[in-house]
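Below is one structure, written out as structure tokens; the observations come after it.
The values are calculated or read from the model by the stated rules, or taken from the named source; none is laboratory data. On a predicted model such as this, the values are computed, not experimentally measured, just so you know. Every residue, glycine as well, gets a Cβ built from its backbone with ideal geometry; the counts of neighbours run over all protein chains shown. Note: accessible area is taken over every heavy atom of the protein model, side chains too, but ligands, DNA and RNA are not part of it. Shrake-Rupley method; radii C 1.70, N 1.55, O 1.52, S 1.80 Å.
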Amino acid sequence: MAAEAAACGSWRSPITSDLVAEAGAVFFKFSDIQPGQRGAFWIEARPEEDGRDVVCFARSRGEVVTVTPPGFDARTRCNEYGGGAFFVHGPTVFFSHFGDQRLYRQAAIGAQPIPITSAPPEPASLRYADGVTTPDGKLIVCVRERHENERVTNELVALPSDGSVAPWVVASGSDFYSFPRISGDGRFLAWTQWGHPNMPWDGCELQVGRLSSRGGVTEVKHVAGGRTESIVQPEWSPQGVLHFVSDRSGWWNIYRDDGNSTEAVCPMEAEFGAAQWTFGLSRFGFLSDGRIAASYTHAGVDHLVLIADGKSADLGLDFTAHHPESLRSDGRRLWFIAASDEQAPAIVCYDTTTRATEVVRRSAHSVINAGFISKPRAIEFPTNSGFAHALFYPPANDNYIALNGEKPPLRVAVHGGPTSRYPAGLDPEWQFFTSRGWAVVLVNHGGSTGYGRSYRERLANRWGMVDRTDAVAAAQHLADRGDVDPSRVVVSGGSAGGYTTLLALCLEDVFAAGISYFGIADLETFARDTHNLESHYCDGLVGPYPDAAAIYRERSPVHLADRIRSPLLILQGTEDQVVPPSQAREMLAALDANRVPHAYLEFEDEGHGFRRQDTRKRAVEAELYFLAKVLGLPLPEGVTPIEIRHL
């Protein structure tokens, strides 16, 4: 059948809002793989179950079993972004329950979880994450975050795995801790720590102490790291040698330390680490034959390699995006979460002996017909800072071609963080638009991870400047190439990306509309009121507060909102602890005062990142309806209208 000529943005597509909503609020539906006896455990997001997370288990070529029973949500609020919410020892699963933040022990699949930490004095005031057991399974060491008298304290604690004794502190004094890792003989404990105003990717320290059988830590020594060296994922090899990832060369590479010297395992201008927004990052693991399996990022694409004798051998697998919490080894097999240009994230098992690859669990949304999939094209484009990176997705739908050679509208998407990046894998959210005749560009602006430390540091003291101008430059580059219609360019983003969106609408005349998901509107409010992890984040992005208060005001969209003339859609959760709803409401008042067309959707019981399936469905449909109305595109069928004030 010949393709029909139709206006871009009006094409009919089988990629529905239900399919996007089923995928969840994040690119990866799965996270945090832990190899167990004869299989692997992982965390799986369940948008259809009120957004809860569950632990699942599967043997290779076996049935997937849901381990976490109804009424439990395996998720921690430690550092608000969580991660590292569960760990295993043999058949026993330990996890943090989101409802009360206590640690629970589940003796076997099908067993009832039993709390092993006491109820906190105030709701969610004691939070646990990133746990590990001693080799005999009798002792747990983990991160604990205490909220007392409006003060937040992070520390490493130990406790018996049966919960018979209350946790005791084994390391304290730093603002943050992560990666407690016990050597195979149970004699040593390694961990990382850092203090304000640093974020872990700015600089942190790797420490090692002697661990007694009773859970005491002595003879602590500094191994690596500091204020300007970022350490990620300390791990003990089967031979008892400490390995870790450091960016001391300008790139996150793997190092080994035998107690006398430290050396790079396989030096490369590539990133074997990632920004530690969550606990549990894992990008390398050990094979029983001495080789190291590792995932690295180069030019925005992820690769899986085996390292031996200082050299890496690419496995040649057809995956372009790897979850940073996922690569684990059981000695022979590799378990990881990955996506490709045409396949959404999946649980994958690779046997290093037989070289067989098995997809153990596919995302429910990984069945998009190839004729409706837009494949990303990595682009590099000139900016005020020299150059920047992005992933460009042109329109793709076998049933349609552009009417009269029309150029498509463009959606410029800015990631959160802002120290983060867009991965190069299939995401139904973007395919939802490209299959309808939109072009999408995912901007990995200066400050993004995956391109080395110097690129990451471009955002130092220049947040709101580099990210904004790089987003503009991406749009202009594609327009100059003739790929898109420059009169129909919109900008969108969530959290920090929402901030860039709001500021771009205030200061740039490139964008015909904007969409902000829980975007930061007032930098001063954010610096004063946000959660502990990010309470000094802006010191490095903007300047020390309150000394640089004038700069904070100059770069805050709420103080520039009278300059906005393009329509704006704002989406917000009522329980957002990172960017409270008050910031969105301040923007609304300014938009109303200036009679700027805008729409606002506020979702009850949603936080910083929408988790529920009905919320995600409503949000993506609102985007489609809003853009159709403000750009004069044909209205989509079956989509519930939203109120757009002053249109």
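Can you classify the stretch 476-627 as rounded, prolate or oblate using the Cα gyration tensor, where a ≥ b ≥ c are the square roots of its eigenvalues, rounded means a/c under 1.5, and otherwise it's prolate if a/b beats b/c and oblate if not? Since a/c reaches 1.5 but b/c is at least a/b, the shape of the stretch 476-627 is classed as oblate. Judged by the mean number of other Cβ atoms found within 10 Å, the most tightly packed of the peptides 60-69, 286-295, 221-230 leads the ranking 286-295, 221-230, 60-69. In the stretch 76-205, the portion of solvent-accessible area held by carbon and sulfur atoms comes to 49 percent [1.4 Å probe, whole percent, DNA, RNA and ligands not counted].
Rolling a 1.4 Å probe across the protein heavy atoms gives the stretch 150-298 an accessible surface of 38 Å² per residue.
Here the simple spin-label model places points 7 Å from the Cα toward Cβ, and for V639 and Q239 these points are separated by 5.9 nm. Here the stretch 14-79 is treated with +1 on each Lys and Arg Cβ and -1 on each Asp and Glu Cβ, and its dipole about the Cα centre works out to around 360 debye.
Using a probe radius of 1.4 angstrom, the carbon and sulfur fraction of the accessible surface of the stretch 309-456 is 43%.
If R0 is taken as 45 Å, the Cβ-Cβ distance between A299 and A124 corresponds to a FRET efficiency of 0.65. Normalised per residue, the accessible area of the stretch 1-148 is 38 Å², obtained with a 1.4 Å probe and no contribution from ligands, DNA or RNA. In this view, the solvent-accessible surface of M268, computed with a 1.4 Å probe and all protein chains in place, comes to about 50 Å². Each label was represented as a point 7 Å from its Cα along the Cα-to-Cβ direction; for R528 and A107 these points are 5.3 nm apart. In the stretch 562-614, the portion of solvent-accessible area held by carbon and sulfur atoms comes to 41 percent [1.4 Å probe, whole percent, DNA, RNA and ligands not counted]. Each peptide among 316-329, 236-249 gets the average number of other Cβ atoms lying within 10 Å of its residues, and from highest to lowest they stand as 316-329, 236-249.
Within the stretch 564-586, find all residues whose amide N lies under 20 Å from a label point positioned 7 Å from the Cα of E508 along Cα-to-beta-carbon. Flagged as within label range: 564-571. Based on Cα contacts under 8 Å between residues 6+ apart, the chain shows a relative contact order of 12 percent.
Using the Kirkwood radius over Cα pairs, work out the Stokes-Einstein diffusion coefficient for the stretch 42-151 at 37 °C and 0.692 mPa s, in µm²/s as a whole number. Answer from the Stokes-Einstein relation: 228 µm²/s.
Once you sort the root eigenvalues of the Cα gyration tensor of the stretch 283-386 as a ≥ b ≥ c, which label holds: rounded (a/c under 1.5), prolate (a/b larger than b/c) or oblate (the other case)? It comes out oblate by the Cα gyration axes.
Checking (i) 271; (ii) 148; (iii) 298 against volume of the Cα convex hull per residue in Å³ calculated from these atoms, the matching label is (ii). Stretching the chain fully between R12 and A264 yields a gain of 85.5 nm (0.36 nm per residue, less the alpha carbon separation). This model, with +1 at the C-beta of Lys and Arg and -1 at the C-beta of Asp and Glu, gives the stretch 263-338 a dipole about its Cα centre of some 240 debye.
In the stretch 335-448, the ratio of gyration radius to Kirkwood radius, Rg to Rh, stands at 1.04 when only Cα atoms are counted. If the chain linking D547 and A2 were pulled fully straight, counting 0.36 nm for each residue of separation and taking away their Cα-Cα distance, it would gain 189.8 nm.
This model, with +1 at the C-beta of Lys and Arg and -1 at the C-beta of Asp and Glu, gives the stretch 101-151 a dipole about its Cα centre of some 120 debye.
With all protein chains kept in place, the per residue accessible area of the stretch 491-647 amounts to 37 square angstrom at a probe of 1.4 angstrom. Rounded to the nearest 500, the 222 nm mean residue ellipticity of the chain from helices alone is -4000 deg cm²/dmol, with -39,500 (n - 2.57) taken per DSSP H run of at least 4 residues.
For the stretch 363-410, the fraction of C-alpha pairs farther apart than 18 angstrom is 52 percent. Peptides 395-404, 523-532, 272-281 ranked from most to least packed give 272-281, 523-532, 395-404, packing being the mean of other C-beta atoms within 10 angstrom over each peptide's residues. Classified by the C-alpha gyration tensor, the stretch 549-647 has an oblate form. Its axis ratio a/c, with a ≥ b ≥ c, is 1.5 or above, and a/b does not exceed b/c. Label-to-label distance for A460 and R146 is 3.5 nm, based on points extended 7 Å past Cα in the beta-carbon direction.
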